[in-house]
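A.B. asks: Before we start, here is the structure in question, set down as structure tokens.
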Protein chains: 2
Amino acid sequence: MYERKIIPNLNCGLDLIGEVLYGKWKIRLLWFIHTGHKRPSELQRKIPDASRRVLNVQLKELEEHELVTRKIYPVVPPKVEYSLTEFGKTVIPVIAALGQWGDEHEGRLRDVILRQVAGTDVEVPL
Amino acid sequence: MYERKIIPNLNCGLDLIGEVLYGKWKIRLLWFIHTGHKRPSELQRKIPDASRRVLNVQLKELEEHELVTRKIYPVVPPKVEYSLTEFGKTVIPVIAALGQWGDEHEGRLRDVILRQVAGTDVEVPL
DNA sequence: GCAATAGGGGATTAATTTATCCCTATATGA
DNA sequence: TCATATAGGGATAAATTAATCCCCTATTGC
């Protein structure tokens, strides 16, 4: 695993939540697990832009941070289910607040974000 | 400026808020501006771990995303003040929710985070 | 003239995070 | 026998973000 060379700040609540929530797919993973998509293959289908590998890595970190648990069923083909821990459940309202703000200001956000990307040749999907 | 090679997802509110809030110091910057620390030098003193340069870059992005405005006073030595826009003010409660969750679960968060870093030789300050 | 203050920014390197590639295992169905 | 589904991971490359270094403006005070 990668070893940090710069020590993280853990001074305030914002630092702390950042440590466990940051990661391109983590919030989405938590949300989908929350909405009942528990199996790795399901999560992958819900998040097709992420590779299987990355999801595994980020799920593992969520598990280490005690936001989710991983249950393995001893069957073939293998079956695994992720669930939110009680701790993990407490962060759902915060994620909901993030998503809600984004939804409420969708038009304006799209504007300012696309304006920034406009100079590039990147085609941004609607 | 850096040109993205991977197109960002802008499918949902979570993607959108991520685009404008992500950046190591942005949330802190917004918060300190909210609490009345408007001048660049003040912000730097409040966030000593960030270099002047990085703060400038992130403030500029916040400005491009219309979360803050920058007012220049034509005096010498120069004086600049950042303020939240009306739009920017709407995101403050969301940031407050993030910080509050982190504060509420400070002990546990510190635990799980430090456990992860424990293997490394990194010294993490209390 | 020189240092300090206040605010900025280009160019480059380092750090970190993601993505890609490829390999493991077992059972079922065509 | 071969492809598919299910779950997982090591090694490496690429992308992205942040940090560093060094430079600029103009005025006041010594």
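A.B. asks: Could you list, in their original order, any pairs among A:5/A:26; B:5/B:46; A:26/B:46 whose Cα atoms are separated by more than 32 Å?
C.D. replies: Numbers: A:5/A:26 23 Å; B:5/B:46 34 Å; A:26/B:46 29 Å.
Check vs 32 Å cut-off fails for B:5/B:46.
A.B. asks: Which residue fluctuates the most in chain A, going by a Gaussian network model with Cα springs under 10 Å, if the choices are A:35, A:90, A:69?
C.D. replies: Top of the fluctuation ranking is A:35.
A.B. asks: Okay, moving on. Please give the helix B:52-64 orientation as an angle from the longest Cα principal axis of chain B, in degrees from 0 to 90, rounded to the nearest 10.
C.D. replies: It is inclined by approximately 70 degrees.
A.B. asks: Taking a quarter of the surface of the Cα convex hull of chain B, what do you get in nm²? Before the final figure, lay out each step's value.
C.D. replies: On the way: hull surface 42.8 nm².
For chain B, averaging the hull's shadow over all directions gives 10.7 nm².
A.B. asks: With Cβ to Cβ distances under 10 Å as the rule, what net charge do the other residues near residue B:12 carry (K, R +1; D, E -1)?
C.D. replies: -2
A.B. asks: Which order results if A:33, A:95 are arranged by neighbouring Cβ count within 10 Å, fewest first?
C.D. replies: Details: A:33 25, A:95 20.
Starting with the residue having the fewest Cβ neighbours, the order is A:95, A:33.
A.B. asks: Based on DSSP H runs of at least 4 residues, each adding -39500 (n - 2.57), what is the mean residue ellipticity at 222 nm of the protein assembly as shown after dividing by all its residues, to the nearest 500 deg cm²/dmol?
C.D. replies: Rounded to the nearest 500, the figure is -17000 deg cm²/dmol.
A.B. asks: Can you check how the C-alpha radius of gyration of the stretch B:36-108 compares to 2.2 N^0.38 Å, as a plain ratio?
C.D. replies: Output field value: 1.29.
A.B. asks: Would you mind getting me the FRET efficiency between residue B:53 and residue A:44? Use the beta-carbon distance for r and R0 = 41 Å, nearest 0.05.
C.D. replies: With R0 = 41 Å, the Cβ-Cβ based efficiency is 0.55.
A.B. asks: Compute the separation of the alpha-carbon centres of the stretch A:11-42 and the stretch A:43-81 and state it in Å as a whole number.
C.D. replies: Taking the Cα centre of the stretch A:43-81 as reference, the centre of the stretch A:11-42 is 12 Å away.
A.B. asks: Show me, bin by bin at 5 Å from 0, the whole-percent P(r) of the protein assembly as shown based on Cα pairs.
C.D. replies: P(r) for the protein assembly as shown, in whole percents per bin: 1, 5, 12, 15, 17, 17, 15, 10, 5, 2, 1, 1, 0, 0, 0.
Values quoted throughout were computed directly from the atomic coordinates according to the rules given, and no laboratory measurement underlies them. Keep in mind that this is a model prediction, so the values were computed, not measured. Reconstructed Cβ throughout: ideal geometry from the backbone, glycine too, with neighbour counts over all protein chains shown.
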